[in-house]
1. Roughly what angle does helix 271-308 make with the longest principal axis of the chain, taking Cα atoms, 0 to 90 degrees, to the nearest 10?
2. Tell me the trypsin sites (Lys or Arg not before Pro) within region 35-139 that lie in a loop according to DSSP and have at most 13 other beta-carbon atoms within 10 Å.
3. Give the relative contact order (percent, whole number) for the chain; include only Cα pairs under 8 Å separated by 6+ residues.
4. Only Lys, Arg, Asp and Glu count, each charged at its Cβ (+1, +1, -1, -1), so figure out the dipole size of the chain about its Cα centre, rounded to 20 debye.
5. Taking the structure as given and computing percent of Cα pairs over 36 Å apart, which label from (i) 63; (ii) 29; (iii) 47 fits?
6. Counting other C-beta atoms within 10 Å, and keeping those with at most 12, which DSSP coil trypsin sites (Lys or Arg not before Pro) do you find in region 165-240?
7. Just the number, please: percent antiparallel of the DSSP beta bridges in region 14-104, rounded to the nearest 5.
8. With a 10 Å cut-off between alpha carbons and a GNM built on the chain, which of A184, A45, A339 moves the most?
Amino acid sequence: MFNDSPKQAQIVSVTRLNRLARQILESEIGQVWVSGEISNFVAAASGHWYFTLKDNKAQVKTAMFKGSNRYLKFRPKAGDKVVVRANLSIYEARGDYQLIAEHMEPEGQGQLKQAYEALKAQLSQMGMFSVDDKQPLPKTITRVGLVTSSTGAAVHDILTVMARRNPSIEVVIYPSLVQGELAARNIVQQIELANQRKEVDVLIVGRGGGSLEDLWAFNEEPVAHAIYNSAIPIISAVGHEVDVTIADYVADVRAPTPSAAAELVSQDQDETGKQLLSLKNRLSYAIKNILQHRHSLVRQVSTALSINHPQAKIVQAQQSVDRLTGELNTLIKRRIQDASNQLNTRHIQLQNQTPLRAIAEHKNRLSSLSERIVRAQKDKLESSQVRLANLSQVMNSVSPLATLSRGYSISFAEKDIVKSVKQLNNDQILTTKFHDGEVISKITAVKSN
C-alpha cells in the first residue's frame, strides 16, 4: 500500500486525509455506546452542545447537536456520569477525533436498560412470553386481588373505577412494596400468598408511573417467574402506557394503567371479548418486535447515509463557526479588559499628577510673552515711523519736484530729458515741465556757448 518514493505513491492533501479518516471511522466502526464523566460542557448559541467525555485514564471530545439534544429529558452538566449513543467521527478542520452523540442518559439508567434487554431476551428464549401459555380471564369475576402498595395512587385509582363500574365485586389487597431493594421479594411473596389462599378470581399486579429505576422491581427475574407460575390469571398494570416492563410480557394480560386494569375486571366479558384481548396482545407483541426490527434497520441506513450527507458538511461548518465565535468573544473580552486596565492606570496617574500648577505657570509665561510682544511691536512701529520721516526728508531733498519748486524746469525731447543743446535741432518740439505745469514749444534756433 505504501511506497518509499513519493513519485510512486499516491499523495493526498491534509484535507483529503482527514476526510478519508472520518469516512473510515464512520463506516467501519459506526455507532457505539460510551460511558464517562462530562467535563468542559459548553452550550453554544446555535443550540449545539460541546463537552469532553472522560474516565480516569482517557478522554474524548464530544458534540451533541441541537437536533438530538432537544429530545433529552434532562440538562447535563460538568461532573455528570452518563452513557451516550454516538458515532465516531473526525472534525476535519483540525483533525480532532470526536464523538457525535445522538442520545444520552444517566449512567445507571444505561446499565439498567442493558440488564432489561438481556433478561427480556433470556425469558423470551425460555418461552415465557408465549401467547399459548397465557391464561384467559374468567367469564365471571366476583373477587379481585391487588398486589400493590396499600397507600399508593394505583390502589386508589383501581378502587375508584371498580366502585363506579361494578361495586358488587370484592377487592382483596395484598399490600406490597413496589419500589426499592426489597420490593421484588415482597411482590413474589404476595403473589405466592394469593395462590395459596385461592380466594380471588384474578390478580392485578402493578403500581403507578415512575422512572426506569422506580419500576425496576417489575423487571426482576423472580417476579417474572412468580407471575408465569401463578395459577391465578394475572393482569399487569405497571406505570403509564409508555412504560413496558418484563412483568407486562409475562403476565396473562397487560393493562396500560391501573385504571385500565380495573375496567377489564369490572366488566362482563364473553368469549369473543377474551379472544379479542388475546389477539390484541399477540398483535401488540408482534408489532412491537417488527417496529424494533425496522427501527434498527432505519438506524443502520441513517448511519450509512450520514457519511456522505450534505448535513455532515454543514455540521463541520457549524462547528467551525462555533469555534471561531468563541475565539472572537474571548479576543473581544481580552481587548476590553486591556483597555479598561490602561484607562485605570491613566486615571491614577492623573490623580497623582494634577495639571493645575503647570497650567498656572504656562498662563503666567503666556501673559509675560504677550506684554513683551506688544511692547516690541510698539517700539518697532515708532522706529519705523522715525525712519519713514527721515527717508521722506531725504527723498524730498533729492526729488525733481523739489528742484522745480525752487524755480527750475526740465525739458523733454520725445520723452528724453534734454541735457545738452547738441540733442536739439531746428523745428523740434520741446516739452518743458515746471512745478505747476508744462509748456510745449518749437525750436527756431539752436545756439551753443
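Derivation of every value follows stated rules applied to the coordinates shown; laboratory data play no part. Everything quoted here is computed from the prediction, not taken from an experiment. Don't worry about glycine lacking a Cβ; one is built from the backbone with ideal geometry, like all the others, and counts go over all protein chains shown.
1. Roughly 30 degrees, rounded to the nearest 10.
2. K57, R70, K73, K77, R94, K139
3. Averaging sequence separation for qualifying contacts and normalising by length gives 9 percent for the chain.
4. Computed charge dipole of the chain: roughly 3440 debye.
5. (i)
6. In loop regions of region 165-240 (DSSP not H, G, I, E or B), the sparsely surrounded trypsin sites (Lys or Arg not before Pro) are K198.
7. 90
8. A339
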